[in-house]
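I am attaching a structure below and will ask some questions about it afterwards.
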Amino acid sequence: KQEVTQIPAALSVPEGENLVLNCSFTDSAIYNLQWFRQDPGKGLTSLLLIQSSQREQTSGRLNASLDKSSGRSTLYIAASQPGDSATYLCAVTTGANSKLTFGKGITLSVRP
Amino acid sequence: GAGVSQSPSNKVTEKGKDVELRCDPISGHTALYWYRQSLGQGLEFLIYFQGNSAPDKSGLPSDRFSAERTGGSVSTLTIQRTQQEDSAVYLCASSRREGSNSPLHFGNGTRLTVT
C-alpha cells in the first residue's frame, strides 16, 4: 500500500527566505507526482506535475524535483512571500488509471 | 473557463438523514474523483470514475456511501443514514482524460456537518 509522508506538518519562515518542502513515498513505482496548494476553505490547486520519467519541473519561483529510486520529492520555493502562505500537499499515482494518494500536507506561514 | 463546481458549499444535516452532494466537472474531462478531507487528516480517496469503465469504488468507507456519474459528466455522491463521523469536507476533482499526465482540477468542496 502506497503511503505518502510530509514532514514537518507546519513551517514558519520570514519573508524572502528560500525554502524546501519534503515529500516521501513508500512505493517507488509511481506514474507521476503532483504538488498542490490549498488555501483555507478552498479546494486544491495543482502547482506542478512531474512524470515518472522526469527529474524536475519548474514554474516561476517553484521548482519540484523527483527521485523515484529513493522515494522522495522536494518543492523548492524561492524568495518566499506572505502570499505563499498555504498548505502544500504532494500526491502520487501508481498507475495510468489509478487514484492519487496524498500526504497530509505542510502548512506554510511566511511572516512579513 | 469554468472550473469544477460543487454544490452545496455547506450542508448541515441531522444524524440519520440522507444527503446528496453534487459535482460538475470541467467540460470534456473524462476522469472524476471524490475525496474526503477531515480535520487534521489527509485526503481520503472515495471513488474514481474513468470514462466508460467501471468505477473504482475501493475507497468508499461503508455501504451507506454511493456515487453515480450520469452521461459521463455530473456526479452525485450520496450518503445514507448519516453519522457524525461523516462530517468532513467532500472534494471533487476532474482531469482531462484517464491514463494521462494531466493535472487534477479540484472544486472548492462541500463542507458536511452532521449534528
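Where a number appears in this text, it was derived from the coordinates with a stated rule and is not lab data. Small disclaimer: the values here were computed from a predicted structure and weren't measured. Cβ placement follows ideal geometry from the backbone for every residue including glycine, while neighbour counts extend to all protein chains displayed.
Would you grab the residues whose amide H sits under 5 Å from the one on residue A:54? Only those 5+ places off in sequence or on another chain, please, with H modelled 1.01 Å from N.
none
Here's another thing I want to ask about it. Using only the alpha carbons, work out the radius of gyration and Dmax of the stretch A:57-97 in angstrom.
Computed over the Cα atoms of the stretch A:57-97, radius of gyration and Dmax are 12.6, 37 Å.
Also, quick follow-up: So for chain B, Kirkwood radius off the Cα pairs, Stokes-Einstein at 37 °C and 0.692 mPa s: how many µm² s⁻¹?
So the translational diffusion coefficient is about 232 µm²/s.
To the nearest 20 debye, what is the magnitude of the charge dipole of the stretch B:1-53 about its Cα centre, counting +1 on the Cβ of each Lys and Arg and -1 on the Cβ of each Asp and Glu?
The calculated dipole for the stretch B:1-53 is roughly 80 debye.
Oh, and also: Only counting other Cβ atoms within 10 Å, I'd like A:90, B:23 sorted with the fewest neighbours first.
Ordered from fewest to most neighbouring Cβ atoms within 10 Å, A:90, B:23 come out as B:23, A:90.
Here is a further query. How would A:1, A:104 line up from fewest to most surrounding beta-carbon atoms within 10 angstrom?
Neighbour counts put them in this order, fewest first: A:1, A:104.
If you count, for every residue in A:38-45, the Cβ atoms of partner chains within 10 Å of its Cβ, what is the mean?
6
Projected onto the charge dipole of the protein assembly as shown (+1 at Lys/Arg Cβ, -1 at Asp/Glu Cβ, origin at the Cα centre), which of A:74, B:5, B:71 gives the Cα projection farthest towards the positive end?
B:71
Considering all alpha-carbon pairs of the stretch B:1-68, what whole percent are spaced by more than 15 angstrom?
64
Can you list, bin by bin at 10 Å, the percent of alpha carbon pairs in the protein assembly as shown, starting at 0?
8, 33, 35, 19, 4, 0
Here is a follow-up. Can you figure out the FRET efficiency of residue B:78 with residue A:17, using R₀ = 45 Å and their beta-carbon distance, to the nearest 0.05?
After rounding, the FRET efficiency stands at 0.45.
Right, another one. Tell me, A:102, B:45 in order of fewest to most beta-carbon neighbours within 10 Å?
Lowest to highest Cβ neighbour count: B:45, A:102.
To check my understanding: the extent here is largest minus smallest coordinate of the Cα atoms along each principal axis. What are those three numbers for chain A, in Å, largest first?
41, 27, 21
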